[in-house]
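Read the structure below first, then the notes.
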Amino acid sequence: MDSPNLSRPCPQPGTGRRAQSCGQSLSQGRKIIGHLLVTKLNRPPYLRIIQRVLALVAALFGLATIVVGVRVLAGSDPGYIVFRPLLLYNTMMGIVYVAAGVISWRSVDRGKYAAATIFVLNFLVLGAVGYLYAAGSSVAMESLHAMILRTVVWLVLFLGLAWMSHRNYLSDFERDAQPIIPPDASR
């Protein structure tokens, strides 16, 4: 039987050689897989539900934004003066909201960054709209309220996903994932 030789290159897949010939023991691979499984099992089930709820809120909020934006762009009268650049921004951001919802559904960490980016963009636009309203431009109070709502919704989504990300990080360090090794009994 071959002894492991670390100077040899790893064999190609399908050659029949075991992973030991590459200097990696099978038990190391099993330990890594076992740690990943234990880490996943340590996560409380409610975290996955909260992640799904946050992702659905993001996607549904995006769909509602798209529907309203397209209706107004198609000629529907909302009952107030429409600031067209804001309408175009919000309609395009609706697509981004849906994408952020899909991203959040798949990955808490990536969803957190998407929500943070959207929050910052909306906050900057809110500042610009607030300035234009205060300066007496043709921005309706309803538009200002809508941007406040969008900014607050994305702040809440970001905070929720950041909390989830933190909880996922903490669950990686549960007692089962990082066992305490008892002192040596022979001493």
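We did not get these values from a lab; they are worked out from the coordinates using the rules stated. Note that this is a predicted model, so its numbers are computed, not measured.
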**Study point:** Inter-part distance where the range 128-165 and the range 54-91 are each reduced to a Cα centre, Å
**Key:** 14 Å
Revision key, fill the gap. Going residue by residue through the range 160-168, the Karplus relation 6.51 cos²θ - 1.76 cosθ + 1.60 with θ = phi - 60° gives ³J(HN,Hα) values, rounded to whole Hz and with x marking Gly or Pro, of x, 5, 5, 4, 4, 4, 5, 5, 5
Check your understanding: Hey, got the Cα dimensions of the range 46-171 along the principal axes, in Å, largest first?
Key -> 51, 28, 17
